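Here is the structure we will look at.
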Amino acid sequence: MTFPFINSIISWFLKKRKHQVELFLKYPIDVQNELLQKLVSAAKNTEFGKQQDFSSIKNYTDFANNVPIQRYESIEPLIERCRKGEQNLFWPTPIRWFAKSSGTTNAKSKFIPVSDEAIEFCHFKAGKDMLCLYINNNESAKLFTGKGLRLGGSSAVYEDNNTYFGDLSAIIIENMPFWADFSSAPRQETALMSEWETKMEAIINETIHENITSLVGVPSWMLVLLNRVLEKTGKDNILEVWPNLEVYFHGGINFNPYREQYKKLIPRDDFKYYETYNASEGFFAIQDRNNSDEMLLMLDYGIFYEFIPMSDYNVENSVAIPLSEVKKDINYAIIITTNGGLWRYLIGDTVKFTSTKPYRVKITGRTKHHINVFGEELIIENAEDALKAASDKTNCEIKEYTVGPIFMNGKENGAHEWIIEFKKPPKKLAFFTEMLDNALKNCNSDYEAKRYNNMTLAMPKIHQAREGLFYDWMKKRGKLGGQHKIPRLSNSRDFVEELLKL
């Protein structure tokens, strides 16, 4: 256990960072423009910098004219050369680490370059800021009187030509300073175990007798862990195991479908939930206020931001705008330029700004993960808002779900096919279906238009999944734990068909 005076010292140290945060809150565009110039200047003598004539870039307009918007496929050849040992290709300092991206269940892997600068000034800095913002908002926080339970992904780190690749969480743990292990649980060697179910058991055995004060991890997998903790201990709720637990830092997927389940597991009115927005490509935003569903865009992590309105989205042929031109409540695709050597890179996420003074965002989904087979433009935000509304009206709880299209066949209309695993099923599935359909109409006018008189879209078709279906499916695909996410919306029937067979 860490002593109370150490809690006070660490808290004081973290609070000091708040002054730097206030600088980019006050001068956000200046901070971003200065950052862009630093990134361009740093990389002007790299192979990519010479190709795109970085030396001639004097401002954002030059940058946008010189450098194309890029997807992973565009930069893959340079990354593969870097993985084989070549350096100074797209970033001036040696890149030894590559985060193997596992954001979806797609078979193709991406290897995202992670520079030493990205580890220290983005990921590590964000970890400290996450604690800083929480402590500044909660003067009585006692995080450091105990330990934080971290639940990362696969730990396997592989070497290839003196470079290394693996899950981002494994890369972060591998590079953590030795003292970080003292305030975290489980131990590093346990956190880095590769077989998910064995690791889960080891984490439980190692932590149930610790004084755990915070949780960090993806909501779906953390939920699995917490339920198993209760099975193992025979306790009724998590506070009976860890009475000093005060906050859960979560990210990776939308928390709303899981919120009610967490409230039952952790029945404390003053328990805090803090959302973070990070990916293999960088750490982008952190919830900066208690009881908020927005996150502050962090502008001094070595990441320069641009945005494409989804109404004008045309992948690499899109026209982007800088942060200074964004407006509230418009769905944007994000483009990042980073201190890891990604230049005008489309990360595939979409966000809406809820505020521009300061810049706060909500994640709305993925550029690929939506359904637009019939012109309905259904995004994850619509789906999850509608699921919550339908669940509230039918007194049920949802554990997991995925949606795919039923394509038009002859004179038969198309529809959306949902597979939903309920924690607490509705009494009448037909009534739930009707409530979901109504809620989708309320939050998406395109969906409502296509549903009018069943002209294009018929009523949704919903399957009630057996218990554990999604867990078994992810296990079969070798995608248990960590950053692996269940795909929510798809324009194809691949995921739906696989699940129906199980």
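The values are calculated or read from the model by the stated rules, or taken from the named source; none is laboratory data. The shown structure was predicted, so the numbers you read here are calculated from the model rather than taken from an experiment. No Cβ is skipped: glycine too gets one built from the backbone with ideal geometry, and neighbour counts run over all protein chains shown. What goes into the accessible areas is simple: the full protein's heavy atoms, side chains included, and nothing from ligands, DNA or RNA. Shrake-Rupley method; radii C 1.70, N 1.55, O 1.52, S 1.80 Å.
For the condition out of contact with any helix residue (DSSP H, G or I) (no Cβ under 7 Å at 6 or more places or on another chain) and of a type in the set (A, V, I, L, M), what is the one hit in Ala430, Ala439? Matching residue, one of Ala430, Ala439: Ala430.
Here the condition is being open to solvent by less than 20 Å² (accessible area, probe 1.4 Å), in the same structural domain as Arg360 (by the TED database) and at pLDDT below 95; of Val40, Val21, Val67, it holds for Val21 alone. Screening Asp181 against (1) modelled with pLDDT under 80; (2) crowded, with 22+ Cβ neighbours inside 10 Å leaves a single unmet condition, (2).
Pro358 meets the conditions (1) in contact with a helix residue (DSSP H, G or I) (Cβ under 7 Å, 6 or more places away or on another chain); (2) in contact (Cβ under 8 Å) with a residue 60 or more places away in the chain; (3) open to solvent by less than 10 Å² (accessible area, probe 1.4 Å) in every case but one. The failed one is (3).
Entry remark, segment 362-372: residues being part of a loop (DSSP other than H, G, I, E, B) and open to solvent by 50 Å² or more (accessible area, probe 1.4 Å) number 2 in total. Please give the number of the condition Ile336 fails out of (1) buried (at least 20 other Cβ atoms within 10 Å of the Cβ); (2) in contact with a Ser or Thr (Cβ under 6 Å, 6 or more places away or on another chain). Ile336 satisfies all of (1) buried (at least 20 other Cβ atoms within 10 Å of the Cβ); (2) in contact with a Ser or Thr (Cβ under 6 Å, 6 or more places away or on another chain) except (2). How about segment 471-502: which of its residues are in contact with a helix residue (DSSP H, G or I) (Cβ under 9 Å, 6 or more places away or on another chain), part of a helix (DSSP H, G or I) and within 12 Å of Glu417 (Cα to Cα)? Across segment 471-502, the qualifying residues are Phe495, Leu499.
Each residue in segment 359-381 was checked for being β-branched (Val, Ile, Thr) and farther than 23 Å from Ala279 by Cβ, and 1 of them qualify. If you go through segment 214-244 and keep only what is buried (at least 21 other Cβ atoms within 10 Å of the Cβ), within 18 Å of Asp269 (Cβ to Cβ) and of a type in the set (A, V, I, L, M, F, W, C), you end up with Leu215, Ile238, Trp242. Looking across segment 303-317, just one residue is crowded, with 19+ Cβ neighbours inside 10 Å and either hydroxyl-bearing (Ser, Thr, Tyr) or touching an Asp or Glu at 6+ places or on another chain (Cβ under 6 Å) (or both), and that is Tyr305. Assessment of segment 319-332 against the conditions (modelled with pLDDT of 95 or more, polar (S, T, N, Q) and farther than 24 Å from Glu76 by Cβ) yields at least one matching residue. One residue stands out in segment 447-480 among those that are among the hydroxyl-bearing types (Ser, Thr, Tyr) and under 27 Å from the mean Cα position of the chain (by Cα): the one that is surrounded by the most Cβ atoms within 10 Å (Cβ to Cβ), namely Tyr447.
Is it true that some residue in segment 201-213 is open to solvent by 10 Å² or more (accessible area, probe 1.4 Å), out of contact with any Asp or Glu (no Cβ under 6 Å at 6 or more places or on another chain) and either on the phi > 0 side of the Ramachandran plot or at pLDDT below 80 (or both)? Scanning segment 201-213 turns up no residue that is open to solvent by 10 Å² or more (accessible area, probe 1.4 Å), out of contact with any Asp or Glu (no Cβ under 6 Å at 6 or more places or on another chain) and either on the phi > 0 side of the Ramachandran plot or at pLDDT below 80 (or both). Taken over segment 128-152, residues that are part of a helix (DSSP H, G or I) and crowded, with 21+ Cβ neighbours inside 10 Å amount to 9. Evaluation of Thr198 against the conditions (1) closer than 23 Å to Lys485 by Cα; (2) open to solvent by 30 Å² or more (accessible area, probe 1.4 Å); (3) touching a residue at least 40 places away in the same chain (Cβ under 8 Å) shows that the sole unmet condition is (3). Among the residues of segment 383-397, none is identified as under 20 Å from the mean Cα position of the chain (by Cα) and within 18 Å of Gly468 (Cβ to Cβ).
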